[in-house]
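> One structure coming up, written as C-alpha cells, with questions to follow.
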Amino acid sequence: MTKKLNEWYYDGGRIPRKIKKKVLDRKPTRKVLRKMLSETVVGEPIKTMFERVTFSPHGDFCPKCGETSYIGSGNKTDYPEHWESFRCLRCRTIVGYIDNSPFIHALECKDNDYNPVF
Ligand SMILES: [Zn+2]
C-alpha cells in the first residue's frame, strides 16, 4: 500500500476515486440498501468480544452505505478493560462497538437508528 492509501485506511480523508473504487466494492443503491436492511435477520447472541453475531442473508454490512469492510480503532483503554470502535471503511460510520462487552454491530441496533454506541 502507498503511504497515502495507508493514511486513508487508518485515518480517513480523501483518496483518488479511481483507487477507492479498486479498494471498495460497488456501493449499493439506496433502494437495494433498504431491501438488504429489511431482509437482514440477526443471528444468535454472542458471549465474547472475539465472536461476531451473524447476519443473514447478506452478512454484516454498513447500514448507511452497504460496505462490508470496517476497521477497528484498537483498544482505547488499558487491559483488562476493552473499549474499541469499528468504522466503515467507506463512509466512516461507526458500525461496531466493544465496551467491556461482546462486539455490537450496528445492524443489531435497528431500534437505535443503527447506532451501536449508547
Ligand atoms: Zn458505510
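> If I take every Cα pair under 8 Å that is 6 or more residues apart in the chain, average their sequence separation and divide by the length, what percent do I get for the relative contact order? Don't jump to the answer; show the numbers that get you there.
Details: 174 pairs, mean separation 22.4, N = 118.
The value is 19 percent.
> So how far, in whole Å, is the C-alpha centre of segment 63-102 from the one of segment 15-47?
Taking the Cα centre of each part, segment 63-102 and segment 15-47 sit 16 Å apart.
> Quick query: amide H of Val95 versus all other amide H atoms, modeled in the peptide plane; which residues come in under 5 Å with a sequence gap of 5 or more or a different chain?
Sorted by chain and number, the residues that satisfy this are Phe86, Arg87, Cys88.
> Using the C-alpha atoms of segment 35-84, what convex hull volume per residue, in cubic angstrom, is computed?
Spread over its residues, the Cα hull of segment 35-84 gives 92 Å³ apiece.
> Right, something else. I need the Kirkwood Rh of the chain: take the reciprocal of the average 1/r across all distinct C-alpha pairs and report it in angstrom. Walk me through the numbers before you get to the answer.
Values: mean 1/r = 0.0659 Å⁻¹.
It is 15.2 Å.
> Still on this structure, please answer the following. Exposed loop GluC sites (Glu not before Pro) only (DSSP loop, at most 16 other Cβ atoms within 10 Å): please give the longest stretch of the chain free of them, not including the sites.
Numbers: sites that count: Glu51, Glu81.
Answer - 1-50.
> Looking only at segment 91-118, which residues have a backbone nitrogen under 13 Å from a spot 7 Å from the Cα of Leu24 in the C-beta direction?
Zone members listed by number: 91-94.
Since every read-out is calculated from the coordinates, none of them should be taken as a lab result. Everything numeric here is computed off the predicted structure, so don't read it as measured data. A quick note on method: Cβ atoms are made from the backbone with ideal geometry, for glycine too, and the neighbour counts reach across all protein chains shown.
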